[in-house]
Amino acid sequence: MATVNQSPMQQTNGETAAPLADAVRTELLGLSSELGSDAALCFVAPGAAGALALAGFELDGELSSGNLPACAFNDLYKWSMLPVIRSIERDHADDVRVVFALNIRSQPERDALARAAAEGGTLHARVNWALSALSRRLFDRSVFMGAAEGLGLDAQTVDSICGPAGAPRALLDVLELDAPTAQVRRTRNSPQQQAERAVPTKDLVTVRTRLEAADAVAGTSARLHVEAEGPWHRVTFMETPLMQAVHESLLRERLQHEGTTYARWGKAARFPTTFTPSPPPPSNFD
């Protein structure tokens, strides 16, 4: 199988990359009479917090620097629950493995994912790319510790999640795609990094997909299961990034079929009362 090495968004969206902060600044200046000058100044003023927050993003929503950091999309609840998780793990010889299963609630989107896994296409490529990119989302130890302030986490816990100082660890270690047209069968962080860290097999986080066929007798549709498995204290930080990766793939595929750019969708999302949003999503992605 071929390895996914380029984002399908880079291949298919056709948008000209431009700093998102500049675009939002222009939008706000145009709407200052409706939104008030304070909103516009949040981005226009030199060194404004709003502009700094968006400075690293392109118009298509991608980070200018490439891969997202591992802490992105994780909320503080993950950190606040970590001492409880570690206490339970230690009561079980530091060997509590969990499986997080992604639940797509929309039937049309579940059908689209299953069909894409069976037949291929752009949605299949997007999902594969998004899942493989989780192995390139590295933890920033200083950011992690900033969120963990006051929790009293021990060095072993921090090293297990973030990797030792100077050797940052990724969210994902192993990716296994179970689909007839899978572009990635199995991938890990670089062998050299794995050897340097000497990570025990039981400490690895695996994300796998499993295509379940339709069952006419049971009346169930085909379904693509997306799961993350590994040590509880590591999988907890995979849950929301995994949801983000799959749902963003679905969103970008939907926008492509609607003929709407990510930039236009983003403008409608930012200013829903002053900008006409995209039409409702179709019932499927055919």
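The values are calculated or read from the model by the stated rules, or taken from the named source; none is laboratory data. Just so it is clear, the model here is predicted, and its values are computed rather than measured. Cβ sites come from the backbone with ideal geometry, for glycine too, and all protein chains shown count toward neighbours. Accessible surface is based on the protein model in full, side chains and every heavy atom, while ligands, DNA and RNA are left aside. Shrake-Rupley method; radii C 1.70, N 1.55, O 1.52, S 1.80 Å.
Going through segment 200-227 one residue at a time, which ones are outside any loop (DSSP other than H, G, I, E, B), touching a residue at least 12 places away in the same chain (Cβ under 8 Å) and surrounded by fewer than 16 Cβ atoms within 10 Å (Cβ to Cβ)?
K202, R210, E212
Inspect segment 238-250 for any residue being surrounded by fewer than 21 Cβ atoms within 10 Å (Cβ to Cβ), among the hydroxyl-bearing types (S, T, Y) and modelled with pLDDT of 90 or more and give the result as yes or no.
yes
Looking at (1) open to solvent by less than 50 Å² (accessible area, probe 1.4 Å); (2) under 22 Å from the mean Cα position of the chain (by Cα), which one does M81 not meet, given that it meets all the others?
So M81 meets the others, but not (1).
For a quick check of your reading of the model, give me the residue pairs whose first member lies in segment 249-273 and is over 28 Å from G120 (Cβ atoms), whose second is charged (D, E, K, R), with beta-carbon atoms closer than 8 Å and at least 6 apart or on different chains.
What qualifies is K267/E27; R270/E27; F271/E27.
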